[in-house]
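The values are calculated or read from the model by the stated rules, or taken from the named source; none is laboratory data. The structure displayed is predicted, hence computed values, not measured ones. FYI the Cβ positions are ideal-geometry reconstructions off the backbone, even for glycines, and counts take in every protein chain you see.
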Amino acid sequence: MIADKPFQGYGYGSFERAYLDYYNAMKVEQPMLNPPLLKLNHPHNEILYWVVEGGIAAALAMICFVIAYFTLFNTDSRFCWPQVLALLGLVSPIVFHAMVEIPFDSAASHWHLLIFLLFFTLVTGNQSLKSQTLPSGILPVTGALLTAGFFVPFLLTTMHTLLIIVKHEVSGFQKIETFKEIINPLPLRERMLLHVNTHKYLKGIKEKKPELLVQYIQWAKQQLRFKPRIEIYRDLLLCLKILQRESEYQAYLNEAQKTYPNELHWLATKNKTIN
């Protein structure tokens with residue numbers, strides 16, 4: 001994929017759609033390809049992920065970032081080798097973790113820690129910055145207060161959100177009203193919106209409320225641009241068929257069949273309508 005679009009990339013946020021479309025095109029030329037990965041949650045190599053989505057600009061930015069970091073260890077900054085190795089030892093695990101496991105966009109605490117370590121490296125090696133000292137104890141106390149004031153409430157409200165969502169899932173998706181208690185939807189926003197719109201879809205069919213189906217259609221169309229999931233295609237097609245929007249139904253059926261050529265069960269509920 002990188003070789004196909006090395007300069008402009010595929011666009012940020014569009015990897016899952018671009019990956020499946022690219023795989024299907026390759027499958028025509030190479031029928032023996034292994035099955036594609038489905039339901040991609042997060043990349044396990046942030047470097048390759050950024051280059052696929054952002055192209056050469058992202059690659060150059062990362063190279064410049066690395067070069068800029070190592071220029072901090074120049075002779076003028078008066079680093080000794082033990083200091084260099086210690087600072088590299090602090091930064092390297094975080095960078096390695098982002099490259100092979102959880103990316104920075106899914107681990108904000110790692111990103112903030114990396115920024116702090118870069119700042120610490122800069123201050124440690126720069127004599128002019130070191131001369132601008134703060135009163136003793138100010139920096140540790142300020143750092144502790146900022147950490148406690150931001151990260152602790154954020155983590156606690158995230159845990160609260162997760163507990164509510166899991167309670168909804170464990171109850172057989174019957175506790176959607178508890179979502180009103182959510183304080184911080186940001187960390188699990190996509191998962192929450194999936195449940196909210198699925199609830200609209202099921203309620204719209206059960207109670208014959210076309211306005212709820214229309215809301216689900218609007219959400220599903222936007223979602224499929226970036227995350228073309230089979231379940232969303234099926235539910236969208238059913239909504240369109242129920243509302244008798246035949247032209248849109250056919251267009252999305254063709255798109256679904258093109259995205260998942262081996263899937264045959266798109267038309268199981270084609271005759272349901274709401275009067």
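Applying the set (1) in a helix (DSSP H, G or I); (2) at pLDDT 85 or above; (3) not aromatic (Phe, Trp, Tyr) to GLN83 leaves exactly one unmet item: (2).
Does ILE115 meet the test of being in contact with a Ser or Thr (Cβ under 6 Å, 6 or more places away or on another chain), at pLDDT 75 or above and either surrounded by 11 or more Cβ atoms within 10 Å (Cβ to Cβ) or among the hydrophobic types (A, V, I, L, M, F, W, C) (or both)?
Values: in contact with a Ser or Thr (Cβ under 6 Å, 6 or more places away or on another chain): no; at pLDDT 75 or above: yes; either surrounded by 11 or more Cβ atoms within 10 Å (Cβ to Cβ) or among the hydrophobic types (A, V, I, L, M, F, W, C) (or both): yes.
Judged against the criteria, ILE115 is not a match.
Scanning for something closer than 30 Å to GLU231 by Cβ and crowded, with 16+ Cβ neighbours inside 10 Å, does region 73-87 turn up at least one residue? Within region 73-87, not a single residue is closer than 30 Å to GLU231 by Cβ and crowded, with 16+ Cβ neighbours inside 10 Å. Here LEU163 meets the list (1) aliphatic (A, V, I, L, M); (2) in contact with a helix residue (DSSP H, G or I) (Cβ under 9 Å, 6 or more places away or on another chain); (3) farther than 19 Å from ASN41 by Cα almost entirely, failing just condition (2).
If you go through region 171-187 and keep only what is at pLDDT below 85, part of a loop (DSSP other than H, G, I, E, B) and closer than 10 Å to THR157 by Cα, you end up with nothing.
Could you list, in sequence order, the residues of region 28-63 that are of a type in the set (D, E, K, R) and touching a residue at least 40 places away in the same chain (Cβ under 8 Å)?
Start the filter on region 28-63 by keeping residues that are of a type in the set (D, E, K, R), which leaves 29, 39, 46, 53.
Listed by number, the residues that qualify are LYS39, GLU46, GLU53.
Test LYS221 against the stated conditions and say whether it is within 21 Å of the chain's Cα centre (by Cα), at pLDDT 95 or above and closer than 27 Å to VAL28 by Cβ. Answer is yes for this residue. Of the set (1) under 30 Å from LEU188 (Cα atoms); (2) polar (S, T, N, Q); (3) at pLDDT 70 or above, all apply to THR121 but (1). So which residues in region 172-198 are farther than 30 Å from ASN262 by Cβ and either touching a Phe, Trp or Tyr at 6+ places or on another chain (Cβ under 9 Å) or of a type in the set (Lys, Arg) (or both), if there are any at all? LYS175, LYS180, ASN184, PRO185, LEU186, PRO187, ARG189, MET192, VAL196, listed by residue number. Restricting attention to region 5-62, the residues that are part of a loop (DSSP other than H, G, I, E, B), surrounded by 12 or more Cβ atoms within 10 Å (Cβ to Cβ) and charged (D, E, K, R) total 1. Being in a helix (DSSP H, G or I), modelled with pLDDT of 70 or more, in the same structural domain as PRO43 (by TED's automatic domain parsing) and hydroxyl-bearing (Ser, Thr, Tyr), is that true of even one residue in region 131-146? Checking region 131-146: not a single residue is in a helix (DSSP H, G or I), modelled with pLDDT of 70 or more, in the same structural domain as PRO43 (by TED's automatic domain parsing) and hydroxyl-bearing (Ser, Thr, Tyr).
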